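This report concerns only the one structure given below.
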Amino acid sequence: MTDDISASGTGSVPDSAVNRRHLLMGGAFCLASGLAYARLPQPVAPVIEKPAFEKLIPKTVGAWEFETSSGLVLPPPDALSDRLYDNLVTRTYSSEQNPLMMFLTAYSNTQDGVLQVHRPEICYPAGGYELTPTQATKIDNGVGGTIDANIFTASSRGRTEHVLYWTRIGDYFPLAWSDQRLAVIRANLRGVIPDGVLVRISTIVPEMDEALPLMSKFAAQLNQNMNAQGRALLSGIPA
């Protein structure tokens, strides 16, 4: 009886069939893994060494001259700070004709949706400032276009600072944190990990109505005094 069941084909599968099945399955898994890896978003912007990045920022901006690198409100320190930015440049510019301008730019060649540039609305409250609501604005980029930017006023005991800033994530200029994350997602869907930059300009004068034209002028002249690579990185202006 045992011999009859074995002969009818209901016994064990031949080793050769098992091996062929495993080989086909393994090949399919390898192909799927390769396709998935090929579709992973990839960084498109190279890392810029710190000395090279600092040279992109001019020491003369119109009537303003570089004075010092200290005295600015900085992003809060944390365990990820070394990973958040490839480059962080802080400068104060003085002028005989104009108020002091404080300038900060933070750049990273990868914005992956987890690590993203800080927005100033985080930095200032961490330093003890109270903020007015952020308002969207457009400013002249100095070379025939505009930049979507934000403004707010930060106040603490004995100091009021008016702030103009913009963020560039790849080809986008998001005005809110949610827009910033969406810009990363859109780039990822195109197979790209975008770069990102924060540019912040601030000054201390009595009113925002007085501060905004001055900060906008500084931003326009900053682009005019930078080379093509600097304008592309900070303001998204095609080189």
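Numbers below:
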| item | result |
| --- | --- |
| The lone exception for Ile139 - which of (1) more than 23 Å from Pro58 (Cα to Cα); (2) open to solvent by less than 40 Å² (accessible area, probe 1.4 Å); (3) among the aliphatic types (A, V, I, L, M) it fails | (1) |
| Pairs, first among the basic types (Lys, Arg) in region 57-74, second surrounded by 14 or more Cβ atoms within 10 Å (Cβ to Cβ), C-beta under 6 Å, six or more apart | Lys59/Phe66 |
| Any hit, region 223-233, residues being without any contact (Cβ under 8 Å) to a residue 60 or more places away in the chain and open to solvent by 10 Å² or more (accessible area, probe 1.4 Å) | yes |
| Set Tyr172, Tyr165: member being under 23 Å from Glu54 (Cβ atoms) and among the aromatic types (Phe, Trp, Tyr) | Tyr165 |
| In region 194-219, the residues that are open to solvent by 10 Å² or more (accessible area, probe 1.4 Å) and part of a helix (DSSP H, G or I) | Met208, Asp209, Glu210, Leu212, Pro213, Leu214, Ser216, Lys217 |
| Leading residue by the ranking (farthest from Pro46 (Cα to Cα)) among those in region 178-193 that are of a type outside the set (A, V, I, L, M) and either touching a helix residue (DSSP H, G or I) at 6+ places or on another chain (Cβ under 8 Å) or surrounded by 14 or more Cβ atoms within 10 Å (Cβ to Cβ) (or both) | Asp179 |
| Matching residues, region 166-190, being within 11 Å of Ser235 (Cα to Cα) and touching a strand residue (DSSP E or B) at 6+ places or on another chain (Cβ under 6 Å) | Trp166, Thr167, Arg168, Ile169, Phe173 |
| Residue check for Thr167: over 21 Å from Asn109 (Cα atoms), part of a strand (DSSP E or B) and of a type in the set (Ser, Thr, Tyr) | no |
| Residue match in region 154-162 (condition: closer than 12 Å to Leu198 by Cα, open to solvent by less than 10 Å² (accessible area, probe 1.4 Å), at pLDDT 95 or above and in contact with a Ser or Thr (Cβ under 7 Å, 6 or more places away or on another chain)) | no |
| Entirely in region 15-122, the strands (runs of 3 or more DSSP E) that have 3 or more residues that are open to solvent by less than 60 Å² (accessible area, probe 1.4 Å), modelled with pLDDT of 75 or more and not acidic (Asp, Glu) | 87-94, 101-108 |
| Evaluation of Ser178 against (1) out of contact with any Asp or Glu (no Cβ under 7 Å at 6 or more places or on another chain); (2) closer than 18 Å to Met102 by Cα; (3) not aliphatic (A, V, I, L, M) (one fails), failing number | (2) |
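Let's see how each residue does on (1) closer than 14 Å to Ile147 by Cβ; (2) among the basic types (Lys, Arg); (3) within 17 Å of the chain's Cα centre (by Cα):
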{"position": "Pro194", "(1), (2), (3)": "no, no, yes"}
{"position": "Val199", "(1), (2), (3)": "yes, no, yes"}
{"position": "Pro213", "(1), (2), (3)": "no, no, no"}
{"position": "Lys217", "(1), (2), (3)": "yes, yes, no"}
{"position": "Met226", "(1), (2), (3)": "yes, no, no"}
{"position": "Ser235", "(1), (2), (3)": "yes, no, yes"}
{"position": "Pro238", "(1), (2), (3)": "yes, no, no"}
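The values are calculated or read from the model by the stated rules, or taken from the named source; none is laboratory data. Everything numeric here is computed off the predicted structure, so don't read it as measured data. Note that we place each Cβ from the backbone using ideal geometry, even for glycine, and neighbour counts take in every protein chain shown. Only protein heavy atoms, including side chains, enter the accessible area calculation; ligands, DNA and RNA are left aside. Shrake-Rupley method; radii C 1.70, N 1.55, O 1.52, S 1.80 Å.
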